[in-house]
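As structure tokens, the structure follows; a few thoughts come after it.
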Amino acid sequence: MKHIVKILSLLVAISAFWIGLLQAAIVPRSHTWLLPIYFVVSLGCYGLLMVGIGLMQFPTCPQEAVLLQQDIAEAKDFFKHKGVDVGSD
Amino acid sequence: MAEEKKYKYSIIVPTYNERLNIALIVYLIFKHLRDVDFEIIVVDDGSPDGTQEIVKQLQHLYGEDRILLRARAKKLGLGTAYIHGLKHATGDFVVIMDADLSHHPKYLPSFIKKQLETNASIVTGTRYVKGGGVHGWNLMRKLTSRGANVLAQTLLWPGVSDLTGSFRLYKKSVLEDVISSCVSKGYVFQMEMIVRATRKGYHIEEVPITFVDRVFGTSKLGGSEIVEYLKGLVYLLLTT
């Protein structure tokens, strides 16, 4: 099934649960009305948290730039000896 | 002793004005794939800087059966470049990679090993896990990359950590199947490929790769790029 159908089904299920809560009044209705807002806000906070954590843990590799320069020099040298004119960057 | 099946790998490299880089890439591929049966398919879109002349010299050096030049008249886009290269590929597997050396051929053995170990249909390189990484990105670039990734993960559940990466190994039949159903352009195309592959249930594995961005200083992410990305996400959300 298409992905969007999966997501919509999930939203429908959550909405049905929410409406059920409203009707059953187990939890005070004033709280229940606010649940969707709590949900959206928590989702937003979770997203921001994931971005923040990802940013802090972002893997970097400065040594790779050095290694790359070495590889480039090695390759250029090889081609010079083989008479292939690769020009310059 | 059982005979180990020897596979052949076709490496498609689309080029436009990569006169120096294509030679470097070819040298590095030959250096890191010494005992592997492979061919390099250069799809050049009519580069005015002499890329094709260099490729012909490389063909003299390495052999025309190892380096195939399948050029096109002008810039016709990445997706069609892969399709064009695929037509001439004789390998069991196809590797796609960028020509500007942001993808380093030294990772090719790890792609091959991962595929042989897991019998995966696709092995994709990821910059975002331990062992991988990026160099040359400022904070803003990392932030947008991370934000874009979290958004895409939340909306699409793609099953891979690096959606826009274009350093990948495919079983040839799998690439043919996936590419035929993709219509996007640019990096959204790369995202569409991997998302469609996930939806079709293909076994996808990841290997860490490092990405050295040599295009220092030029901002490749303006407002219009972000809009294109968001449009691409919505398109993928609705059609995959």
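The values are calculated or read from the model by the stated rules, or taken from the named source; none is laboratory data. Predicted, not measured: the structure shown is a model, and the values here were computed from it. Note that each Cβ is placed from the backbone with ideal geometry, even for glycine, and that neighbours are counted across all protein chains shown.
Within segment B:146-160, the set of residues being more than 8 Å from chain A (Cβ to nearest Cβ), part of a helix (DSSP H, G or I) and within 26 Å of A:Glu64 (Cα to Cα) comprises B:Ala148 only.
Can we say B:Leu143 is in contact with a helix residue (DSSP H, G or I) (Cβ under 8 Å, 6 or more places away or on another chain) and either hydrophobic (A, V, I, L, M, F, W, C) or surrounded by 15 or more Cβ atoms within 10 Å (Cβ to Cβ) (or both)? Yes.
The sole residue among B:Glu192, B:Glu206, B:Glu228, B:Glu176 that is outside any helix (DSSP H, G or I) and either of a type outside the set (A, V, I, L, M) or away from every other protein chain (no Cβ under 13 Å) (or both) is B:Glu206. Look through A:Lys76, A:Lys82, A:Lys2 and report the one residue that is of a type in the set (D, E, K, R) and at pLDDT 90 or above. Just one listed residue meets the conditions, A:Lys76. Per the conditions (1) in a helix (DSSP H, G or I); (2) touching a residue at least 24 places away in the same chain (Cβ under 8 Å); (3) of a type in the set (D, E, K, R), the sole criterion not satisfied by B:Asp65 is (1). Within segment B:117-139, the set of residues being more than 7 Å from every other protein chain (Cβ to nearest Cβ), in contact (Cβ under 8 Å) with a residue 60 or more places away in the chain and either touching a helix residue (DSSP H, G or I) at 6+ places or on another chain (Cβ under 6 Å) or part of a helix (DSSP H, G or I) (or both) comprises B:Thr118, B:Ser121, B:Ile122, B:Val123.
Of the residues making up segment B:28-53, just one is on the phi > 0 side of the Ramachandran plot and more than 11 Å from every other protein chain (Cβ to nearest Cβ), namely B:Gly46. Of the numbered criteria (1) on the phi < 0 side of the Ramachandran plot; (2) within 14 Å of chain A (Cβ to nearest Cβ), the one B:Ile112 fails is (2). Go through (1) of a type in the set (S, T, N, Q); (2) crowded, with 16+ Cβ neighbours inside 10 Å; (3) in contact (Cβ under 8 Å) with a residue 24 or more places away in the chain one by one and return the number of the condition B:Thr90 breaks. Tallying (1) of a type in the set (S, T, N, Q); (2) crowded, with 16+ Cβ neighbours inside 10 Å; (3) in contact (Cβ under 8 Å) with a residue 24 or more places away in the chain, B:Thr90 fails exactly one: (2). Taken over segment B:1-54, the criterion of being surrounded by fewer than 17 Cβ atoms within 10 Å (Cβ to Cβ), part of a helix (DSSP H, G or I) and in contact (Cβ under 8 Å) with a residue 60 or more places away in the chain is satisfied by B:Lys31, B:His32. If you go through segment A:43-89 and keep only what is acidic (Asp, Glu), surrounded by fewer than 17 Cβ atoms within 10 Å (Cβ to Cβ) and either assigned to a helix (DSSP H, G or I) or more than 7 Å from chain B (Cβ to nearest Cβ) (or both), you end up with A:Glu74, A:Asp77, A:Asp85.
Of all residues in segment A:7-26, which are within 13 Å of chain B (Cβ to nearest Cβ) and surrounded by 11 or more Cβ atoms within 10 Å (Cβ to Cβ)? Across segment A:7-26, the qualifying residues are A:Ile7, A:Leu8.
Only one entry in B:Ala152, B:Ala148 is surrounded by 15 or more Cβ atoms within 10 Å (Cβ to Cβ) and over 22 Å from B:Arg214 (Cβ atoms), namely B:Ala152.
Evaluated against (1) within 17 Å of the chain's Cα centre (by Cα); (2) closer than 25 Å to A:Lys82 by Cα; (3) away from chain A (no Cβ under 11 Å), B:Asp65 falls short on exactly one condition, (1).
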